[in-house]
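**Q** Please read through the structure below; I'll follow up with questions.
The values are calculated or read from the model by the stated rules, or taken from the named source; none is laboratory data. Predicted model only: the values in this text are computed from it and were never measured. A quick note on method: Cβ atoms are made from the backbone with ideal geometry, for glycine too, and the neighbour counts reach across all protein chains shown. The accessibility values were calculated without ligands, DNA or RNA, using every heavy atom of the protein model including side chains. Shrake-Rupley method; radii C 1.70, N 1.55, O 1.52, S 1.80 Å.
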Amino acid sequence: DGFARNFLIPQKKALRANTENKEYFSKIKKDLIEKNNKFIQDAKLLIKKISDKEIVFIRNASDNGQLYGSVSPKDISNYFEGQKINIKPSNINLHFAIKKIGIYDINIKLHPEVGCKLKINVATSEENAEYQKKEANEAINKNDSKSKKTNDDIDSKAIDNKNQTAKLNESKKLDNLSAN
């Protein structure tokens, strides 16, 4: 009581729990929930706009692919500003600094409930960007075919094991009958 009376209430950090203040609080809570829902809807619309974007950064690099500089969240934010899309650098999460050419995944979190992953292609020219994209797609297709083949192998081995188990059970039954 003393802390509330001497500090919280005079500093307007708390209110007494009476019916008038409870109604005031419920009104504020309702307004905050409406604002949050509107913000979520706007964020979802923005995510729909950017989810299909192909982001390509052309940078100077050494022969071994090391960039002269890096690609930062500010660079990505500036790219989106050029597209008339407002995304703050603080909403762009890079797993690590981009200092080499290649294709990288980034996370964009516009709201705790709304986010997406995008791919960034960092290359020395448009031709190299197309080549990197083609190589990445081929690698994905290769991995998909390998995983399908592995799954088929596993399924065939499982069928063979079932057949062998069934044969063993039959031979045990026959041994048991002959022993009796």
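**Q** Taking residue 67 and the conditions (1) within 20 Å of residue 111 (Cα to Cα); (2) surrounded by 14 or more Cβ atoms within 10 Å (Cβ to Cβ), which numbered condition does it fall short on, given that it satisfies the others?
**A** Going through (1) within 20 Å of residue 111 (Cα to Cα); (2) surrounded by 14 or more Cβ atoms within 10 Å (Cβ to Cβ) one by one, residue 67 breaks only (1).
**Q** If you don't mind, another one. Looking at region 3-18 only, could you name the residues that are among the small types (Gly, Ala, Ser) and surrounded by 12 or more Cβ atoms within 10 Å (Cβ to Cβ)? Steps first, answer last, please.
**A** Pass one, region 3-18, residues among the small types (Gly, Ala, Ser): 4, 14, 17.
Correct list: 4, 14.
**Q** When the residues of region 108-120 are narrowed to those that are free of Cβ contacts under 8 Å to residues at least 24 places away in the same chain and assigned to a strand (DSSP E or B), which ends up nearest to residue 45 (Cα to Cα)?
**A** For region 108-120, the residue satisfying everything is 109.
**Q** Being under 19 Å from the mean Cα position of the chain (by Cα) and open to solvent by 90 Å² or more (accessible area, probe 1.4 Å) is the filter here; which residues of region 110-140 pass it?
**A** Residues satisfying the conditions are 112, 113, 117, 119.
**Q** Okay, next question. Identify the residue in region 70-86 that is in a helix (DSSP H, G or I) and free of Cβ contacts under 8 Å to residues at least 12 places away in the same chain and, among all such residues, is most open to solvent (accessible area, probe 1.4 Å). Outline the logic, then answer.
**A** Step one: of region 70-86, the residues in a helix (DSSP H, G or I) are 73-82.
From what is left, the residues that are free of Cβ contacts under 8 Å to residues at least 12 places away in the same chain are 78, 81-82.
Working: 78: 70, 81: 105, 82: 60 Å².
Applying the filter and picking the extreme gives 81.
**Q** For region 65-93, name all the residues that are of a type in the set (S, T, N, Q) and within 12 Å of residue 123 (Cα to Cα).
**A** So in region 65-93, the residues of a type in the set (S, T, N, Q) come out as 66, 70, 72, 77-78, 83, 86, 90-91, 93.
66, 70 - these are the residues of region 65-93 that are of a type in the set (S, T, N, Q) and within 12 Å of residue 123 (Cα to Cα).
**Q** Still on this structure: Scan region 54-64 residue by residue and report those that are more than 12 Å from residue 100 (Cα to Cα) and open to solvent by 60 Å² or more (accessible area, probe 1.4 Å). Explain how you work it out, then say what you get.
**A** The initial filter retains those residues of region 54-64 that are more than 12 Å from residue 100 (Cα to Cα), namely 54-56.
If the condition is that a residue be more than 12 Å from residue 100 (Cα to Cα) and open to solvent by 60 Å² or more (accessible area, probe 1.4 Å), then 54 is the only one that fits.
**Q** Would you point out the residue of region 41-57, among those that are of a type in the set (Val, Ile, Thr) and closer than 14 Å to residue 133 by Cα, that is farthest from the chain's Cα centre (by Cα)?
**A** The first filter runs over region 41-57 and keeps only residues of a type in the set (Val, Ile, Thr), leaving 47, 50, 55-56.
With the extra rule that they be closer than 14 Å to residue 133 by Cα, the set shrinks to 55-56.
Numbers: 55: 16, 56: 19 Å.
Looking at residues that are of a type in the set (Val, Ile, Thr) and closer than 14 Å to residue 133 by Cα, I get 56.
**Q** Restrict the check to region 99-107 and report whether at least one residue is open to solvent by less than 20 Å² (accessible area, probe 1.4 Å), in contact with a helix residue (DSSP H, G or I) (Cβ under 8 Å, 6 or more places away or on another chain) and touching a residue at least 40 places away in the same chain (Cβ under 8 Å). Full working, then the answer.
**A** Here is the first cut: in region 99-107, the ones open to solvent by less than 20 Å² (accessible area, probe 1.4 Å) are 102, 106.
Okay, now just the ones that are also in contact with a helix residue (DSSP H, G or I) (Cβ under 8 Å, 6 or more places away or on another chain), so 102, 106.
Adding the requirement that they be touching a residue at least 40 places away in the same chain (Cβ under 8 Å) leaves none.
For region 99-107, residues open to solvent by less than 20 Å² (accessible area, probe 1.4 Å), in contact with a helix residue (DSSP H, G or I) (Cβ under 8 Å, 6 or more places away or on another chain) and touching a residue at least 40 places away in the same chain (Cβ under 8 Å): absent.
**Q** Within region 41-69, can you find the residues that are small (Gly, Ala, Ser) and either at positive phi or in a loop (DSSP other than H, G, I, E, B) (or both)? Walk me through it before giving the result.
**A** Initially, region 41-69 is screened for residues small (Gly, Ala, Ser), giving 43, 51, 61-62, 65, 69.
Selection gives 51, 62, 65, 69.
**Q** Further question: Does region 39-53 contain at least one residue that is touching a strand residue (DSSP E or B) at 6+ places or on another chain (Cβ under 7 Å), open to solvent by 40 Å² or more (accessible area, probe 1.4 Å) and free of Cβ contacts under 8 Å to residues at least 40 places away in the same chain?
**A** The answer is no; no qualifying residue exists.
**Q** Answer yes if at least one residue in region 19-35 is free of Cβ contacts under 8 Å to residues at least 60 places away in the same chain, of a type in the set (S, T, N, Q) and open to solvent by 100 Å² or more (accessible area, probe 1.4 Å), and no otherwise.
**A** If we filter region 19-35 for residues that are free of Cβ contacts under 8 Å to residues at least 60 places away in the same chain, which is where we start, we get 19-35.
Retained after the next criterion (residues that are of a type in the set (S, T, N, Q)): 19, 21, 26.
From what's left, open to solvent by 100 Å² or more (accessible area, probe 1.4 Å): 19.
Yes, region 19-35 has at least one match.
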